[in-house]
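Peer 1: Before anything else, here's the structure in question.
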Amino acid sequence: MNGLSLASEVKSISDTLKEALQPKTIDIFGWEVGAGVVSAFLVTITVTILCLVIRFVSLKEYKAVPTGVQLILEKAVTFFENIAKGAGHSASKYVAPLIFGTAVFIFFGTFIEMFAPKPVFADLNAGIAVGIVGFVTIQGLGLKEKGLGGRIKAQFGGGNKILGPIVGFFKTLSDIILPFSMALRLYGSILSGMLIMEIIYFALEWLWAAWFIPLVGVVPGILSVAFTIFHAVIQAYVFALLVAMFTGEAVE
């Protein structure tokens, strides 16, 4: 059998993409559980264990002059505190820990694609859950800072009788859409990365079958790691930035 006949037996690109998009389930004690849910629990357990190890092993005592793990953590905390300043002075102390924790979950929830059947945010429900967390934070801090009356007044254009209702309608609509836009942003980013990798796998499989070009074992590994890290970092940063920015608008 020659290379071209082998290539003809390779699955079509449409079949390859359809297979990648199909929901995956895992049987756990007779229960069919979504692969994304399993990944979410694995991420939660992994991050919790990692935090405990860092706290009770690596950081038994805090140093006046930080080094090693303590220095990395302080740099990370400072980075997210600087982002949280966009939420305003009064709200930043609440926003900083929230966006730090959520960004860590988003990063590991995306990076777990390297080891799990499916990344956490390949399930749209995970993105909606994170979006709701951001929504509750933004609206809760806005109410805390201004109270219900002040929040409604600011939402509807500061009392302008003509433009106020129009501005208020679109602001309210934007607030309601926010969790879903965040969810779709996460889902779309992960989905696009998965589809790009499936296309690359398909192309390399075809090249191997048709011309015996031995790239299958090298190129996907490099590109997969690069895409995964890139998506994990970018999505964690974008979420933190958006929550800080919208909170700043809510409390100003």
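The values are calculated or read from the model by the stated rules, or taken from the named source; none is laboratory data. Remember, it's a predicted structure, so these values are computed and weren't measured experimentally. We place every Cβ from the backbone using ideal geometry, glycine too, and count neighbours over all the protein chains shown.
Peer 1: Considering only region 181-204, state which residues are more than 18 Å from Gly36 (Cα to Cα), touching a residue at least 40 places away in the same chain (Cβ under 8 Å) and not β-branched (Val, Ile, Thr).
Peer 2: Matches in region 181-204: Ser181, Glu198, Tyr201, Phe202.
Peer 1: Any chance you could count how many residues in region 39-73 are surrounded by 10 or more Cβ atoms within 10 Å (Cβ to Cβ) and not in a helix (DSSP H, G or I)?
Peer 2: Selection size over region 39-73: 3.
Peer 1: Would you call Ala103 within 28 Å of Val57 (Cβ to Cβ), of a type in the set (A, V, I, L, M) and assigned to a helix (DSSP H, G or I)?
Peer 2: yes
Peer 1: Separate question: Could you list, in sequence order, all residues of region 93-123 that are of a type in the set (D, E, K, R) and buried (at least 19 other Cβ atoms within 10 Å of the Cβ)?
Peer 2: Residues satisfying the conditions are Glu113, Lys118, Asp123.
Peer 1: Given the structure, is Phe115 closer than 30 Å to Val243 by Cβ and modelled with pLDDT of 85 or more?
Peer 2: It is false that Phe115 is closer than 30 Å to Val243 by Cβ and modelled with pLDDT of 85 or more.
Peer 1: Looking at Leu173, Leu178, can you tell me which residue is surrounded by fewer than 14 Cβ atoms within 10 Å (Cβ to Cβ), part of a helix (DSSP H, G or I) and not small (Gly, Ala, Ser)?
Peer 2: Leu173
Peer 1: Let me ask something additional. Which members of region 74-88 meet the condition of being surrounded by fewer than 19 Cβ atoms within 10 Å (Cβ to Cβ) and either part of a helix (DSSP H, G or I) or of a type in the set (A, V, I, L, M, F, W, C) (or both)?
Peer 2: Passing the criteria: Glu74, Lys75, Ala76, Val77, Thr78, Phe79, Glu81, Asn82, Lys85.
Peer 1: Which is over 29 Å from Met197 (Cα atoms), touching a residue at least 60 places away in the same chain (Cβ under 8 Å) and part of a helix (DSSP H, G or I), of Ala96, Ala91?
Peer 2: Ala91
Peer 1: So, one more: Could you run through region 10-38 and say how many residues are modelled with pLDDT under 65, among the basic types (Lys, Arg) and either buried (at least 16 other Cβ atoms within 10 Å of the Cβ) or not in a helix (DSSP H, G or I) (or both)?
Peer 2: Of the residues in region 10-38, 1 are modelled with pLDDT under 65, among the basic types (Lys, Arg) and either buried (at least 16 other Cβ atoms within 10 Å of the Cβ) or not in a helix (DSSP H, G or I) (or both).
Peer 1: Return the pair list, or none, for Cβ contacts closer than 9 Å from residues in region 60-72 that are closer than 22 Å to Phe100 by Cβ to residues that are of a type in the set (Asp, Glu), at least 6 apart or on different chains.
Peer 2: The qualifying pairs are Pro66/Glu74.
Peer 1: May I pose another question? Please count how many residues of region 129-165 are β-branched (Val, Ile, Thr), assigned to a helix (DSSP H, G or I) and at pLDDT below 80.
Peer 2: Residues meeting the conditions: 1.
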